[in-house]
Every structure is written in structure tokens, then in C-alpha cells.
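Values quoted throughout were computed directly from the atomic coordinates according to the rules given, and no laboratory measurement underlies them. Bear in mind the structure is a predicted one, so any value in this text is a computation, not a measurement. Quick reminder, even Gly has a Cβ in these numbers, built from the backbone with ideal geometry, and neighbours come from all protein chains shown.
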Ligand code: SF4
């Protein structure tokens with residue numbers, strides 16, 4: 001019975017994800033059978049999408065998730081963004097137990113090595129006497145981004161759909177943006193990135209950030225390539241605890257794959273806040289406070305590799321001593 005429930009739940013989850021972002025998929029294709037019809041022969045797997053007319057249609061998964069398709073996106077479209085969208089993320093700190101599935105899904109999707117985290121999970125403690133909690137952090141896609149202002153070559157830019165991206169063809173590796181970001185969310189490519197041969201051969205695309213280039217800066221990009229294909233970012237999909245809600249502020253809707261909720265109501269009801277709001281950067285990531293946490297921090301600590309355990313050891317030891 002449990003297994004059946006899980007299967008049912010998984011298929012429902014998959015469907016909600018595709019349905020919730022259908023307008024993005026339609027925008028990517030113009031219509032559901034437009035440019036797709038000229039692509040290569042369909043594979044066996046089918047996915048269901050909600051058409052702009054409100055009908056459920058089945059299309060071949062081979063038409064989705066193509067890095068190759070993204071490579072032909074014009075530079076103008078890469079700079080302007082997805083029309084009509086204003087992407088936003090809400091992170092529920094009460095649910096995070098440092099499962100780190102978000103981190104590994106992000107690294108896999110972006111072909112990043114383990115030691116380069118665009119998305120990190122920190123252990124936070126707001127005061128000596130308050131309890132610690134896990135805090136996922138990535139680029140906040142600020143509406144007033146200091147990183148963009150300092151770039152001398154216009155390599156990093158803010159789009160109409162809210163995303164802050166980097167064009168690594170223009171980036172000269174000066175690292176001014178890294179110094180300007182008050183959240184330390186950018187990383188530098190010190191070594192020649194290791195990528196699959198077929199990815200290395202693609203034309204560079206600022207929306208996917210591939211092929212990555214040595215000597216340039218990178219960071220979380222909110223995965224617009226996935227949005228164009230009607231999919232959620234891999235970190236949102238991979239989280240087993242439903243921590244990440246992603247969506248569109250213009251549509252006033254966010255989803256973690258299981259629940260689809262009104263964005264404004266959610267941040268109002270749960271007293272959401274933005275990290276270091278007082279800096280005036282206007283992040284597009286909101287946090288729901290870790291009130292009534294679902295997991296003790298020890299749950300996220302015990303299974304960590306030793307290297308990461310060492311990072312958080314002091315806080316955890318202190319926590320254990322508390323009555
Ligand atoms: Fe720029 Fe940092 Fe804001 Fe991201 S979090 S937009 S890198 S200032």
C-alpha cells in the first residue's frame with residue numbers, strides 16, 4: 001500500500017511540476033507542436049503538459065531538456081530573459097535538515113566539481129542562546145545587485161525576468177563582482193572545467209553557463225534553461241523535504257513540486273524575510289523563519305562527510321551541552 005502511495009505521489013508530483021510551468025514551456029516552443037516537430041525522432045518516454053487552452057497533452061520527453069536547444073538561443077534573448085516572468089524563490093528553513101540533495105543536483109546539472117558549490121547549506125545561529133538551523137544559500141538574484149554595478153565589461157547583467165546572469169564570453173576574471181557581492185555567492189573557475197565532450201563542443205550560452213570557462217566567475221543562475229522547458233530547477237526537484245518553492249511573482253504562484261501556493265500569501269502568513277535586507281540589495285529569495293523546525297540540526301550533521309563535520313563541529317558540540 002505504501003509503495004502504491006509513493007508511486008502515485010511521485011507521478012502526481014511530476015505532473016504538478018510540468019503543469020505549473022506550462023506557460024513557460026509554451027513560450028519555449030511557441031506552441032506545443034511548433035519547432036518541436038522539426039526535431040529528431042521521438043524517444044519512448046512521454047510527459048504530460050497542460051496546453052495554453054487548458055488541455056492535457058502528451059509530448060515526447062526528447063523534446064524537453066536539450067542543452068543543444070539552449071545553445072541556439074539568441075544573445076538578445078539571453079540578455080532580456082523570459083517575457084512576462086519575474087522569478088522568485090522561497091526557502092522554508094523549518095524543513096531543512098541538510099539532506100544536501102539540492103547541492104548535488106545543482107552540481108550535476110551544471111557539471112560542477114564537488115568543491116565548487118553554487119548552492120551551499122550553512123549552519124546558522126542567530127545568537128548565543130538561540131538554536132542553530134540549516135540555511136541553504138545561493139545567489140539571491142538581487143533587484144538592486146551591487147555585483148552588476150561594478151562589472152567593468154558588462155559581463156554580469158540583470159534581466160527583465162529578475163535573473164542576474166553572467167556572460168563568461170565577456171568575463172575577464174577581474175573578480176570585482178565577487179568582492180561586491182555581500183553574500184559571497186560567486187565562485188571563481190581556477191581550473192579548466194571538466195565537462196562531457198558533447199557539452200564542451202556547444203556554443204556558449206549565458207542561460208546555461210556552459211561550456212564553463214577557466215578564469216571566469218560563476219554562480220547560481222536559477223536555471224532558466226529548465227524554466228524554458230517547463231521544469232523546476234534541479235535543487236527544487238531534488239529536495240526530499242520540500243524546502244524550496246520556486247515560481248513567478250507576476251503569477252503570484254510558487255511551488256515546491258508537491259504544493260503550489262500563492263506567493264504573496266505565503267510570505268505574509270509565514271513572516272518571510274530577505275537575508276540582510278538592510279543592505280538594500282532587494283534579493284529575490286525569501287526565507288520562511290525556522291519556527292517549529294521539523295528536524296533537529298543533529299539529523300543533518302550525523303551523516304556529513306568528515307570534512308564538512310569539521311566545519312560545523314563547534315556549534316554542534318555546544319548544542320549538545322544545552323539542557
Ligand atoms: Fe549579485 Fe550577490 Fe545579489 Fe547574486 S546575491 S545578485 S551575486 S549581489
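Details
- Cα centroid of region 251-323 to Cα centroid of region 125-159, whole Å: 15
- Using a simple spin-label model with pseudo-atoms 7 Å out from Cα toward Cβ, residue 94 and residue 268 lie 1.8 nm apart.
- Our estimate of slack between residue 321 and residue 104, defined as 0.36 nm per intervening residue step minus the Cα-Cα distance, is 74.9 nm.
- For the pair residue 80 and residue 174 in one chain, pulling the backbone fully straight at 0.36 nm per residue adds 31.4 nm over the alpha carbon distance.
- Average silhouette area of region 137-183, convex hull of alpha-carbon atoms, in square nanometres: 3.2
- Its alpha carbons give region 187-241 an Rg and a Dmax of 12.8, 37 Å.
- Spacing of the modelled spin labels on residue 198 and residue 122, each 7 Å from Cα toward Cβ, amounts to 3.9 nm.
- Fraction of the pair-distance distribution of region 255-301 above 18 Å, Cα-Cα pairs, percent: 47
- In region 185-323, the ratio of gyration radius to Kirkwood radius, Rg to Rh, stands at 1.02 when only Cα atoms are counted.
- Extent of region 101-205 along its three principal axes (Cα atoms, max minus min coordinate, largest first): 52, 32, 27 Å.
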